[in-house]
Amino acid sequence: MAKDMRIFQHPILEFKRGRKVKIIFEGKEIEAYEGETIAMALWAAGIKVFSYSKVFHRPRGLFCGIGKCSACLMIVNGIPNVRTCITPVEDGMVIQRQKGEGKLPLKEFGEYRVRFAKEIVDVDIAIIGSGPAGLSAALEAAKLGASVAIIDQNPKLGGQLIKQTHKFFGSAETFAGVRGFEIAKILLSELKDYDNVMFYPQTIALGRFREGYLALVKTETMFKRRLIIMKPKAIIVATGAIERPLMFENNDLPGVMTAGAAQTIMNVYGIKPAERVLIVGAGNVGLILAYQFLQANVDVAGLLVRGDRVGGYLVHAAKIRRMGVPIYTRHTIVAAHGKDHVEAATIIRVDERKKPIPGTEITIKDIDGIVIATGMTPDVELLKQMGAKLKYVRELGGFVPLRTRYNETTLKRVFIAGDVGGVEEASTAIMEGRIAGISAAFSIGYYSDKAEKERRFAEEWLEEFRRSPYYAKIREGRKKVIIPT
């Protein structure tokens, strides 16, 4: 029997698991806990292959961990294409690996009929995304008296915050000295004190109709879902960013995953992503992740960076170096190796133009995880569907929406906040969320002089913060997308 990969002792985190349940994976009984998703429960049991690709039947495993890709699609209770990374376990679930597209068993579908209840909800402001930007926006709008709906497709609210165990930099206004997961608790606790705030976890925003309505699907159980037609007066899109994949041989092998997936498995669900990992990317995300791995008793074989030095703060790099983790500057990954999961990797030295130097290959053996931490791109799919004007801005990470200084897009009363407008960090997302929340509330008639001063303070804080040399590219990028009011 495979070793249980769950973490039961951690120097910072305490994992409160629900009651034990049983799920059936291809005839085998697996022990899981209520509150875990299907993918997490399987990963904890040592099951790494979730599906097989359509054309070449290559094995697929957990990759993004937040419902943004297709790697974890499985057949659950006879229903194909279930995103197992965001679908909670239920006692007695029957799960199978999916091969290719997956077909619905029409003859038996009567047994598996999903019940949809329809609901119409009126609300002042709908906020899609519950990370630092979304929660901060909700809090400011709620303070002004607006009714607010917070919508997120994941079972746990808090976005990237709930994955972070490190203490934040910045200032008191952005929770300096407080760990990310604790910031999420603080914001959610404050929001729950307001009667005018509604929470919609496990809810997918399908799109916006021309009349301004939002179509949502909320999953309550595997066979019980609600179709929600939401009628907001204003919308704030705070969908964050998607991690970029990296091209190398066998980059689809189970065990290759994004940094966010590794943090979700480890810091949210208390499960080891691997026993020994290689991290590709030595920006702040890669450096912080290395330390988080060590906290969870996961060995780090090294970090790769294509440049001459790390891209993140030197304080993070110094910390992991002191703990014996090697940083390979001027190196990149060439290939992952293994039959149905990662077992080794080949890395190579690069020249000053970041081109591989033949003959400098090194094989790193005895690893079972490769984590990609090489950047993110804004998640603008919903804004694209809505019809907001987008522009490709390299300095901001990809396509981003045009917006005013108050974060209103080219669509009236549709605002943005956080990384969806350009990849930065949690501190700036918090302040952008405050601006968007106040601005959205102002746009529908909720105004106060105090809130106007708070919005001005947030603008000034961001302007001062972005004066840092680290933010030169962000400053240039923002000049290309801000439209006059």
Self-check item: Theoretical FRET efficiency, 1/(1+(r/R0)^6), r = Cβ-Cβ of Lys16 and Arg226, R0 30 Å, to 0.05
Solution: 0.65
Exercise. Quickly work out the Ile483-to-Asn81 label distance, labels modelled 7 Å from Cα along the C-beta direction, and quote it in nm with one decimal.
Key: 3.4 nm
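Taking only protein heavy atoms and a 1.4 Å probe, what accessible area per residue, in Å², does the range 305-398 have with all protein chains in place?
Averaged over the residues of the range 305-398, the accessible area is 55 Å².
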Quiz item: Using the Cα gyration tensor of the range 239-384, with a ≥ b ≥ c the square roots of its eigenvalues, what is the shape: rounded (a/c below 1.5), prolate (a/b larger than b/c) or oblate (neither)?
Solution: rounded
Practice problem: Could you pull out the pairs from Lys16/Lys233; Lys99/Lys224; Lys22/Lys185; Lys192/Lys218; Lys20/Lys365 whose alpha carbons sit more than 28 Å apart here? | Solution: Lys16/Lys233; Lys22/Lys185; Lys20/Lys365
Quiz item: How much FRET efficiency would the formula 1/(1 + (r/R0)^6) give for Met247 and Glu211, where r is the Cβ-Cβ distance and R0 is 30 Å, rounded to 0.05?
Solution: 0.10
Practice problem: Could you run the Karplus curve 6.51 cos²θ - 1.76 cosθ + 1.60 with θ = phi - 60° over the range 417-429 and give me ³J(HN,Hα) per residue in whole Hz, x for Gly and Pro? | Solution: 7, x, 5, 5, x, x, 6, 10, 8, 4, 4, 5, 5
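Pairs of lysine in the range 372-475 with Cα under 28 Å and at least 8 positions apart or on different chains: total?
Lysine pairs satisfying the spacing and distance rule in the range 372-475 number 8.
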Quiz item: Along the range 4-14, what does the Karplus equation 6.51 cos²θ - 1.76 cosθ + 1.60 (θ = phi - 60°) give for ³J(HN,Hα), rounded to whole Hz, x for Gly and Pro?
Solution: 5, 8, 6, 9, 10, 9, 9, x, 10, 8, 10
Practice problem: Leaving ligands, DNA and RNA out of it, report the carbon-plus-sulfur percent of the accessible area of the range 171-212 at a 1.4 Å probe. | Solution: 51 percent
Quiz prompt | Val123 long-range amide H proximity, modeled H, under 5 Å | solution = Lys231, Lys233
Exercise. Mind computing the radius of gyration and Dmax over the alpha-carbon atoms of the chain? Å is fine for both.
Key: 22.5, 67
Quiz item: Arranged from highest to lowest average of other beta-carbon atoms within 10 Å per residue, in what order do the peptides 370-380, 313-323 appear?
Solution: 370-380, 313-323
Quiz item: Tell me, how many Å apart are the Cα centres for the range 17-31 and for the range 361-391?
Solution: 31 Å
Quiz item: Under the Karplus relation 6.51 cos²θ - 1.76 cosθ + 1.60, θ = phi - 60°, what is the ordered set of whole-Hz ³J(HN,Hα) values for the range 442-457, x standing for Gly and Pro?
Solution: 4, 5, 10, x, 9, 10, 8, 4, 4, 5, 4, 5, 5, 5, 5, 4
Practice problem: Sort the following peptides by mean Cβ neighbour count (other Cβ atoms within 10 Å, averaged over residues), highest first: 281-288, 80-87. | Solution: 281-288, 80-87
Practice problem: Arrange the peptides 179-189, 65-75 so that the one whose residues have, on average, the most other Cβ atoms within 10 Å appears first. | Solution: 65-75, 179-189
Exercise. Please list, or write none, the aspartates and glutamates whose alpha carbon is within less than 18 Å of the alpha carbon of Lys319, excluding same-chain residues fewer than 8 places away.
Key: Asp299
Self-check item: Cα Rg over Rh - the range 339-485, Kirkwood
Solution: 1.14
Quiz item: Any idea what diffusion coefficient the range 30-77 gets from Stokes-Einstein, in µm²/s, Kirkwood Rh on alpha carbon pairs, 10 °C, 1.306 mPa s?
Solution: 138 µm²/s
Exercise. Among Leu289, Leu157, Leu383, pick out the residue whose Cα is farthest towards the positive end of the charge dipole of the chain, where Lys and Arg carry +1 and Asp and Glu carry -1 on C-beta, about the Cα centre.
Key: Leu383
Quiz item: If you count the DSSP beta bridges with both ends in the range 143-271, what percent of them are antiparallel, to the nearest 5?
Solution: 75 percent
Quiz prompt | Added length on full extension, which subtracts the Cα-Cα distance from 0.36 nm per residue, Ser70 to Phe199 | solution = 43.8 nm
Self-check item: Ile120 versus Ile357: modelled label distance in nm, points set 7 Å from Cα along the beta carbon direction
Solution: 6.9 nm
Exercise. Describe numerically, in nm with one decimal, the distance between label points set 7 Å from Cα along Cα→Cβ at Lys339 and at Lys365.
Key: 1.7 nm
Practice problem: Jot down the per residue volume, in cubic angstrom and as a whole number, of the convex hull over the alpha-carbon atoms of the range 314-395. | Solution: 194 Å³
Quiz item: Where the accessible area of the range 222-342 is counted over protein heavy atoms with a 1.4 Å probe, how much of it, in %, is carbon and sulfur?
Solution: 51 percent
Practice problem: Calculate, for the range 417-474, the solvent-accessible area per residue in square angstrom, rolling a 1.4 angstrom probe over the heavy atoms of the protein chains. | Solution: 44 Å²
Quiz prompt | Between the range 218-241 and the range 118-138, the Cα center-to-center distance that results, in Å | solution = 9 Å
Quiz item: How many percent of DSSP beta bridges within the chain run antiparallel, rounded to 5?
Solution: 50 percent
Quiz item: Of the accessible area of the range 394-468, with the probe set at 1.4 angstrom, what percent is carbon plus sulfur?
Solution: 47 percent
Practice problem: Hey, can you find the accessible area per residue of the range 139-226 for me, probe 1.4 Å, expressed in square angstrom? | Solution: 45 Å²
Self-check item: 5 angstrom amide H check on Phe399, placed H, neighbours 5+ away
Solution: Val393
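The values are calculated or read from the model by the stated rules, or taken from the named source; none is laboratory data. Since we're looking at a predicted model, the values are computed, not measured. Cβ atoms come from the backbone with ideal geometry, glycine included; neighbour counts cover every protein chain shown. For the accessible areas, the whole protein counts, side chains as well, though only heavy atoms, and no ligand, DNA or RNA atoms are used. Shrake-Rupley method; radii C 1.70, N 1.55, O 1.52, S 1.80 Å.
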